[in-house]
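One structure below.
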Amino acid sequence: MGLISFLKEKFSKKKDEKVENYTEGMSKSRQNFSNKLNSLTKKYKKVNQEYFEELEEILIESDVGVKLTLRVIDEVLEESKKNKIYDVEEINEILIDHIFKDYMDKGEQLTDVRFVNNGPTVLLVVGVNGVGKTTTIAKLAKRYIDKGKSVLLVASDTFRAGASEQLQIWANRLNCDIVTGPYNSDPSSVAYDGLTKAKKENIDLVIIDVAGRLQNKTNLMDELSKLRRVIAKVIPEAPHETFLIIDATTGQNGVVQAKAFAEVTELTGVVITKMDGTSKGGIILAIRDELGVPVRFIGLGEKMDDLKEFDLESYIYGLCVEK
Ligand SMILES: Nc1nc2c(ncn2[C@@H]2O[C@H](COP(=O)(O)OP(=O)(O)OP(=O)(O)O)[C@@H](O)[C@H]2O)c(=O)[nH]1
Ligand SMILES: [Mg+2]
């Protein structure tokens, strides 16, 4: 049985809240992707060259990325020939199986922040302007406060006017401690102050908000490596996690950003925001394919609890299964 049949059976039996969140948050992407796939299925019934060409187009239009699309289509074509499978529905199942397997084969499957045993766990959050860094930080802070952890926010984005204030508002709302610095001050020195405080007070989780200006890669690289050096001075193994935030609505541009960041700094995870705002939900697959870094969380809406742990099965179900 293919994955899609398996998921249909698994998720149709009992109402699963997590899957409901995904199907709701991904409705635009699903309408786009599954409608196109369904019309293709009706049009062809048996696969041929034109079918695969149209399928390729659908995948690329859904932001799955050209590289991954071509590879998966090749794999499916080969399987079709080898096992003499020409039925469109069967081929669609095989396609989804390959997409799933490709994601799994790319590396670790992590979601939740990995906490260290001793002392504060340090999470660095990077990404370009407007992708949803600050709100994601607030959502993550709430998640771990709700789990009983002590959380400290550090406003190292000192360059954008109002950035610190925005984080401060969240800290107040969440009743969470925060360290800020003056506008235009050195982000590393704010981080230093924050980590010193976290160490002294034995805070469980420190989340650092960093500005990500991509205009100049050398600058970004210098800034991030300085920040990492300073962080490691206070807590030797830190930062333990570095999450890159990518806005799903930016499509292939998001993939370009991800590659650029991966070149200048070590990333342990990606968070995809605004999945609810795009009809091209394939970006997750493209980023995983290009970077191999696990997608840790996914933003499925603007509300505080709309940030969910990434779950590949729910994601595929949310993308492909008609509702
Ligand atoms: N619909 C939707 N909106 C989101 C999501 N995540 C963030 N946003 C919105 O995106 C906008 C920008 O979010 P911020 O958190 O300010 O982004 P930022 O990266 O910190 O921006 P700068 O500090 O200006 O660089 C806000 O209006 C958020 O509510 C999401 O998952 N879904
Ligand atoms: Mg911000």
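Tabulated data
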read-out: A163 being in the same structural domain as R296 (by TED's automatic domain parsing), within 15 Å of ligand 1 (Cβ to nearest atom), surrounded by 15 or more Cβ atoms within 10 Å (Cβ to Cβ) and in contact (Cβ under 8 Å) with a residue 24 or more places away in the chain; value: yes
read-out: Of the criteria (1) within 11 Å of L152 (Cβ to Cβ); (2) surrounded by 15 or more Cβ atoms within 10 Å (Cβ to Cβ); (3) away from ligand 1 (no atom under 16 Å from the Cβ), which one Y192 fails; value: (1)
read-out: Top-ranked residue in the range 92-141 [being of a type in the set (A, V, I, L, M) and within 16 Å of L3 (Cα to Cα); ranked as nearest to ligand 1 (Cβ to nearest atom)]; value: I99
read-out: Odd one out for E223 among (1) away from ligand 1 (no atom under 13 Å from the Cβ); (2) under 25 Å from the mean Cα position of the chain (by Cα); (3) in a loop (DSSP other than H, G, I, E, B); value: (3)
read-out: From the options G251, G277, G299, residue that is in contact with a helix residue (DSSP H, G or I) (Cβ under 9 Å, 6 or more places away or on another chain) and crowded, with 24+ Cβ neighbours inside 10 Å; value: G299
read-out: Answer from E241, E223 - the residue that is of a type outside the set (A, V, I, L, M) and within 19 Å of G181 (Cα to Cα); value: E223
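The values are calculated or read from the model by the stated rules, or taken from the named source; none is laboratory data. From a predicted model like this one, the values you see are computed outputs, not experimental measurements. Heads up, the Cβs are rebuilt from the backbone with ideal geometry, glycines too, and the neighbour counts pull from every protein chain shown.
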